[in-house]
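Each remark here refers to the structure printed beneath this line.
Read-outs throughout are calculated quantities, based only on the coordinates presented, and are distinct from any laboratory measurement. A quick note: this is a predicted structure, and the numbers were derived from the prediction, not measured. Note that we place each Cβ from the backbone using ideal geometry, even for glycine, and neighbour counts take in every protein chain shown.
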Amino acid sequence: MKVHLQTYGCQMNKLDSELVTAALKNGGFEIIDSEKDADAVLINTCSVRDHAEQRVMSHLGLLKHIKKTKPDMVVGVIGCMAQRLGAELLADKTVDIVCGPGQIPQITELVTKALREKTKTIAVTEKIRQKSAEDDALEEFETVSDSDDKRIPNQAFVRAMRGCNNFCTYCIVPYVRGPEVSRPPAAIIEQVKRLADSGVKMVTLLGQTVNSYKYDTYCLADLLGMVSEIDGIEWIRFVTSYPAEEFYERILKAMSELPKVCKYLHMPAQSGSDKILKAMNRNYKAGKYLELIDKAKEIVPGIALSGDFIVGFPGETEEDFKQTVSLVQNARYKNCFVFKYSPRPGTTADKRLQDTVAEEVKKKRNIKLLAVQEKISDELSKEFQGKEVKVLVEGPSKKAKVNPCSEKGCAQLIGRTEGDWIVVFDGPMTLAGEFAKVKITRTSPLTLFGEMG
Ligand code: SAH
Ligand code: SF4
Ligand code: F3S
């Protein structure tokens, strides 16, 4: 039987999709690229903004059409939206399976049953904020099903933590991913060792607030130390960090002292206004955030920073927005992601606050903040001009035309530096998954261009 799997959402979801793929393959399914030739189509979904959910809804609309000519095709919705909407999704005629992020260990069983019995099934967590036996099933699923086809050659994502306890007032994640659980270090290390044996050179440790990783006496800095000792692993990253003092210096020290730990920190500020940060239930003030940023630059010279921002949060005035602009100017990120506030049903912000900022204003602030950042990115990227950088090659660029350079099998390649800068250069396709030295000859705000030395 053939399954097609499409993924929306963050790295957590992409990792879940890798685990689901591995489990289905183990269960004898074939994973295919073509949706219309599949016996079952699974959509791994995201609920973080309304737009993310709308994309899934229109995808389901397309599947409804396909099902008219292929009524036996099974459609499964998995992931965060499945957990959020549950039975409501199952009521859609197109949908046969609804499976939350906590139930993905059951996926093979659910697909098999749906194909065989043509009945609708739902598997979601009833009480999402309570610890449950499902955690053990997830842990086991995670440990045994390493995916064999990596999204990017020789790179892998490994979960350090599940869930989130922060309850930022705008955010749906705690309601769909459950409470924070740090995975046992031994399980993580064993997994990374296996990945290293299979040729993986870079691992990214994942968690919604990965810097608060805590298991017995182990914190993220300890974990970074242990992963550093694994032969074959050359680069280690971790995302996402919450601006907090706990463990912060230890983590930065690990970054400065352990050569394998990439000098890269993704630490979203969300806003530069103390009033808005408070309303968002972010536990810091803008000044504190900037202190943390300064500390990072001091302990880890040359660190690349990135951040996330929400514009148009309820009550955000021009003055609040100006403070966000000022924070961005001070922090000097390599890049940042800017999102327009999207009310999420069930969150505190949605229950207590009106979505007062007009869509037009959100849009304007979004564009403005990105423009401010672009100027900074441009200045920072220029510092690479004429320098040689080490990159881990991901593969041909999207626009790649094979053979622009002299050797056969050459293409425009794309790679990233340890600070996550994108580098575009010509080289042999065989370099995918390998390290290369590239001399930077031209820069743009988000991309460095160069030649192999
Ligand atoms: N755990 C991470 C972020 C997870 S969600 C952290 O705390 O940093 C990724 C990003 O989506 C967030 O950083 C935030 O900027 C954005 N986001 C989350 N909920 C949102 C909402 N309701 N509307 C708009 N953006 C949102
Ligand atoms: Fe959402 Fe806040 Fe948790 Fe990040 S830390 S996942 S923004 S609740
Ligand atoms: Fe990730 Fe979206 Fe879920 S951001 S955790 S896939 S709501």
Modelled FRET efficiency - R0 25 Å, His65 with Ala91, Cβ distances, 0.05 increments: 0.85
Computed P(r) (all Cα pairs; the stretch 388-452; 5 Å bins; percent): 4, 22, 33, 27, 12, 3, 0
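Taking the stretch 133-382 on its own, what percent of its Cα-Cα pair distances exceed 34 Å? Could the numbers behind the result be given before it?
Values: 6428 of 31125 pairs.
Summing the P(r) of the stretch 133-382 above 34 Å gives 21 percent of all pairs.
Given a Förster distance of 35 Å, report the FRET efficiency between Leu258 and Thr356 from their Cβ-Cβ distance, rounded to the nearest 0.05. Walk me through the numbers on the way to the answer.
Details: r = 46 Å, r/R0 = 1.32.
The computed FRET efficiency comes out at 0.15.
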Long pairs among Lys275/Lys295; Lys387/Lys437; Lys263/Lys437; Lys322/Lys363; Lys340/Lys398, criterion Cα-Cα beyond 19 Å: Lys275/Lys295; Lys340/Lys398
Local electrostatic count at Glu53 - Lys and Arg +1, Asp and Glu -1, tallied over other residues with Cβ under 10 Å: +3
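Taking 0.36 nm per intervening residue step and subtracting the Cα-Cα distance, what contour gain separates Lys278 from Arg250 on full extension? Numbers along the way, then the final one.
Working: separation 28, 0.36 × 28 = 10.08 nm, distance 2.67 nm.
Additional length available on full extension: 7.4 nm.
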DSSP beta bridges in the stretch 327-453 [antiparallel fraction, %, rounded to 5]: 85
Computed FRET value (nearest 0.05) for Met429 with Ala133, which takes r as the C-beta separation and R₀ as 45 Å: 0.45
Cleavage-rule hits (GluC sites (Glu not before Pro)) in the stretch 105-164: DSSP loop, at most 10 neighbouring Cβ within 10 angstrom: Glu126
Whole-number D in µm² s⁻¹ for the stretch 129-196, Kirkwood Cα-pair radius fed into Stokes-Einstein, 25 °C, 0.890 mPa s: 181
Qualifying chymotrypsin sites (Phe, Trp or Tyr not before Pro) in the stretch 156-189, DSSP loop, other Cβ atoms within 10 Å at most 15: Phe167
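With runs of 4+ DSSP H residues as the only contributors, calculate the mean residue ellipticity of the chain at 222 nm using -39,500 (n - 2.57) per run, divided by the residue total and rounded to the nearest 500. Spell out each step's value before the answer.
Values: 15 runs with 168 residues, N = 453.
Using -39500 (n - 2.57) per qualifying helix, the result is -11500 deg cm²/dmol.
Normalised by the empirical 2.2 N^0.38 Å for globular proteins, what value does the Cα Rg of the chain take?
Working: Rg = 22.4 Å, N = 453, 2.2 N^0.38 = 22.5 Å.
Here the Cα radius of gyration is 1.00 times the empirical estimate.
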The stretch 2-123: mean projected area of Cα convex hull, nm²: 6.4
Extended-chain gain in nm, criterion 0.36 nm per residue less alpha-carbon gap, Arg116 and Lys288: 56.2 nm
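In whole Å, what three semi-axes, largest first, describe the equivalent ellipsoid of the stretch 212-320 built from its Cα gyration tensor (square root of 5 times each eigenvalue)? Write out the running numbers ahead of the final one.
Numbers: eigenvalues 178, 38, 28 Å².
In descending order, the three semi-axes are 30, 14, 12 Å.
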Ranked packing of 4-16, 269-281, most packed first, by mean Cβ within 10 Å: 269-281, 4-16
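GluC sites (Glu not before Pro) within the stretch 161-244: which are DSSP loop residues with at most 13 other Cβ atoms inside 10 Å? If you can, show how the numbers build up before the last one.
On the way: sites: Glu180, Glu190, Glu229, Glu234; in loops: Glu180, Glu229, Glu234.
Sites meeting the loop and neighbour criteria: Glu229.
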Intensity falloff of the stretch 276-384 expressed as log10 I(q)/I(0), Debye formula with alpha-carbon point scatterers, at q = 0.12, 0.14, 0.23 Å⁻¹: -0.45, -0.61, -1.32
The stretch 85-244 - Rg (one decimal) and Dmax (whole number), Cα, Å: 17.5, 52
Hz values of 3J(HN,Hα) by residue in the stretch 70-77 - Karplus curve (6.51, -1.76, 1.60), Gly and Pro given as x: 10, x, 7, 5, 8, 10, x, 10
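Would you mind counting up the charge near Val3? Only other residues with Cβ under 10 Å from its Cβ, with Lys and Arg at +1 and Asp and Glu at -1.
On the way: positive: Lys2, Lys25; negative: Glu30, Asp39.
Local charge sum for Val3: 0.
Going by a ≥ b ≥ c, the root eigenvalues of the Cα gyration tensor, does the stretch 65-153 fall in the rounded group (a/c under 1.5), the prolate group (a/b larger than b/c) or the oblate group?
Numbers: a/c = 2.00, a/b = 1.31, b/c = 1.53.
The shape class here is oblate.
If you restrict to DSSP beta bridges whose two residues both lie in the chain, what percentage is antiparallel, to the nearest 5? Working shown, then result.
Working: 25 of 69 bridges.
Counting only bridges with both partners in the chain, antiparallel ones make up about 35 percent.
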Eligible lysines near Lys118 by straight Cα distance, threshold 30 Å, same-chain separation 8 or greater: Lys2, Lys14, Lys25, Lys36, Lys64, Lys67, Lys68, Lys70, Lys93, Lys127
